[in-house]
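Below is one structure, written out as structure tokens, with a few remarks after it.
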Amino acid sequence: MHECGNGDGYRDGAGAPGSGMGLAFLELERELTVLMRRARAKSGEMARAVHPDLESSAYGLLARLEESGRLRATDLAAYIGVGKATMSRQLRALEQLGLVAREPDPADGRAWLVHLTQEGQERFRRVRDARRDRYVRQLAGWDRTEVAELARLLHQLNQGEGV
């Protein structure tokens, strides 16, 4: 928070609660909170659809691996924003479920690359495709340019820190 000398924590009144900018940020916070709450719930549903014993937080790992192919665990941890110990625990669980496998990194014999197994890929894609079909139905009344703009703005937001 930025102090501007009057102790209200806002600079130049631009974000003050009564101002238009302040209301816009309050509305943004409310809508993002609803979106994230729903996303967490859906992530759990999608994870269980991939495998009944899959933790909801692991769904994002599968998505990243499906998108990127083989990755080091440290790269996955950095992308997701978790520590190495958490990543190791999640990858062990995914490996035990038969959804991912590890192989030595040819560029560094001390490192391992993680990738989706055939079963992991098939299960993930089935759930992802069903989710995408729900998006298509939900946004059927939107113009394609609106959908593209929403995707662009969400990407821009995701490039920032601390959301």
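All of the numbers you see were taken from the coordinates with simple rules; none came from a lab. All of these numbers come straight from a predicted model, not from anything done at the bench. Glycine also receives a Cβ, built like all others from the backbone with ideal geometry; neighbour counts cover every protein chain displayed.
Would any residue of the stretch 46-88 have its amide N under 12 Å from a label point 7 Å out along Cα→Cβ of Ala140? List them or say none. Of the residues in the stretch 46-88, none has backbone N under 12 Å from the label point off Ala140. Taken over the Cα atoms of the stretch 56-159, the convex hull encloses 122 Å³ per residue.
Sorting the segments 109-122, 22-35 by their residues' average number of neighbouring beta-carbon atoms within 10 angstrom, most packed first, yields 109-122, 22-35.
In sequence order, the stretch 126-136 has phi-based couplings of 4, 5, 4, 5, 5, 5, 4, 4, 5, 4, 4 Hz under the Karplus curve 6.51 cos²θ - 1.76 cosθ + 1.60, θ = phi - 60°, and Gly or Pro positions carry x. Over the chain, with a Gaussian network built from C-alpha contacts below 10 Å, which listed residue (Asp133, Asp75, Asp108) shows the highest mean-square fluctuation? Answer for the Gaussian network model of the chain: Asp108. Here the sum of -39500 (n - 2.57) over DSSP H runs of 4 or more residues, divided by the residues of the chain, equals -20500 deg cm²/dmol at 222 nm, to the nearest 500.
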